[in-house]
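Structure record follows, encoded as structure tokens.
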Amino acid sequence: MYLRVLGSAAGGGFPQWNCNCPNCDGLRRGTVRAQARTQSSIALSANGIDWLLVNASPDILTQIRQTPLLQPARAIRDSGIAAVLLMDAQIDHVTGLLMLRESKAALPLLATPEVIADVSEGFPITRILSHYCGVQLHPLSCNAADIQVPGVDGLELTVVSLSSKPPPYSPFRECPRPGDNIGLIAHAGPGTPRLFYAPGLAEVTPQLHALMAECDIVLVDGTFWTADEMQQLGLSHKSAFDTGHLPQSGAGGMIEHLQRLPQRTRKLLIHINNTNPILNEDSAERALLQKLGIEVACDGMEIVF
């Protein structure tokens, strides 16, 4: 199985276009040792040829240019992207669909009914695309297993319902439903290594922890270091929890949950906000992650499992 990290930042990317926080300002000035990042997305394949795009970020065209495997040039119009799966309906995970409108056939689009409703009504991307390439909808049921992806042979998925929040434009923003946000377990069949992927995660329940513990690779929400990160910088009045994210530090934080996983589990963070000190490779927070064996995903990272 092949995994390619196309983008590893939260919404806005890193540096964010209008932000002068210590990380963004430091990266621009060259005073902070860090890597620029596009908005989060990954691609999965069982054969390295046909790929499932998981979330379509606004940076998708840049990400495709930086990933030759996604442009194999087998025909005058071609793509290695065989299907797209949406984990949620957040702006930074769905806007890239508009950039794929030149597809020569309707895009196979996998998402829960809740996400399909949001991108059909509140942010009507599917209706817009109906005037271009169109989409071929494949509704996903929460907690469904052994899902086959059209056009991506050998890849099997399990959908996991997660606690988080739908996007601010959704009428269900303050009353989330199962299906607004999902995690994925991906593998190549029985007995093969398993990946757990969840770029947006507000709570790790005992049931979810048990599922994560069965996986060989865990790639999860790394948005904020502290719950009040944005508040402390004067950038927002909302906490990490208000926006549907579990911070890494503190009691019950993501680090604590990752440390409880088996030692053999490879642990990585993705969807990292531009304010998070772990982006600074010389920070104490980054050093702590390294000491604990927790990796920080970066654009272009490749994992074979």
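Any chance you could run the full-extension gain for Ala251 through Glu214? It's 0.36 nm times the residue separation minus the Cα-Cα distance, nm to one decimal.
Numbers: separation 37, 0.36 × 37 = 13.32 nm, distance 2.34 nm.
Here the segment from Ala251 to Glu214 would lengthen by 11.0 nm.
Counting only DSSP beta bridges with both residues in the chain, what percent are antiparallel, rounded to the nearest 5? Before the final figure, lay out each step's value.
Values: 24 of 49 bridges.
If I count the DSSP bridges inside the chain, around 50 percent turn out antiparallel.
For a label point 7 Å from the Cα of Ile91 along Cα→C-beta, name the residues of the range 151-176 whose backbone N is under 11 Å from it.
168-169
Can you tell me how much longer the chain between Asp78 and Gln136 gets when fully stretched, taken as 0.36 nm per residue apart minus their C-alpha distance, in nm with one decimal?
That works out to 19.1 nm of additional length.
What relative contact order, as a whole-number percentage, does the range 2-304 give when Cα pairs under 8 Å and 6 or more residues apart are counted?
19 percent
Which chymotrypsin sites (Phe, Trp or Tyr not before Pro) in the range 1-63 sit in a loop by DSSP (not H, G, I, E or B) and have at most 10 other Cβ atoms within 10 Å of their own Cβ?
Trp17
Only helical DSSP H runs with n ≥ 4 go in: add -39500 (n - 2.57) per run for the chain, normalise by residue count and round the 222 nm mean residue ellipticity to 500 deg cm²/dmol.
When only DSSP H runs of four or more count, the value is -4000 deg cm²/dmol.
Can you tally the net charge around Gly11? Count Lys and Arg as +1, Asp and Glu as -1, for every other residue whose Cβ sits under 12 Å from the Cβ of Gly11.
Net local charge, Gly11 excluded: -2.
Extension gain Arg177-Arg264, at 0.36 nm per residue separation less the Cα-Cα distance, in nm?
28.0 nm
Quick check: the distance between the Cα centres of the range 193-253 and the range 268-304, to the nearest angstrom?
Using only Cα atoms, the two centres lie 13 Å from each other.
List every residue whose amide H lies under 5 Å from the amide H of Val149, counting only residues 5 or more places away in sequence or on a different chain, with H placed 1.01 Å from N in the peptide plane.
For Val149, the qualifying residues are Leu155.
By count of other Cβ within 10 Å, fewest leading, how are Arg77, Arg173 ordered?
Arg77, Arg173
Arranged from highest to lowest average of other beta-carbon atoms within 10 Å per residue, in what order do the peptides 59-69, 267-277, 245-255 appear? All intermediate terms of the calculation are to be shown ahead of the outcome.
On the way: 59-69: 17.5, 267-277: 24.3, 245-255: 19.4.
Highest mean packing first, the order is 267-277, 245-255, 59-69.
Can you compute the equivalent ellipsoid semi-axes for the chain, i.e. the square root of 5 times each eigenvalue of the Cα gyration tensor, sorted largest first and rounded to whole Å?
After diagonalising the Cα gyration tensor, the semi-axes are 28, 22, 20 Å.
Please find the FRET efficiency linking Arg101 to Asp228, where r is the Cβ-Cβ separation and R0 is fixed at 45 Å, and quote it to the nearest 0.05. Please report the intermediate quantities before stating the final value.
Working: r = 40 Å, r/R0 = 0.89.
Efficiency at R0 = 45 Å is approximately 0.65.
What is the list of residues in the range 193-231 whose amide nitrogen lies under 12 Å from a point 7 angstrom out from the Cα of Asn143, following Cα to Cβ?
What the label zone holds, given the 12 Å backbone N cut-off, is 207-208.
Just to be sure I understand the model, the point goes 7 Å from the Cα along the line to the Cβ. What's the resulting Leu292 to Ser236 distance in nm?
Taking the two extended label points, one gets 2.1 nm.
Quick note: the coordinates plus some simple rules give every number you see, no bench work behind them. Please read these numbers as outputs of a predicted model, since none were measured by experiment. When we count neighbours, we look across all protein chains shown, and the Cβ atoms used for this are built from the backbone with ideal geometry, even at glycine.
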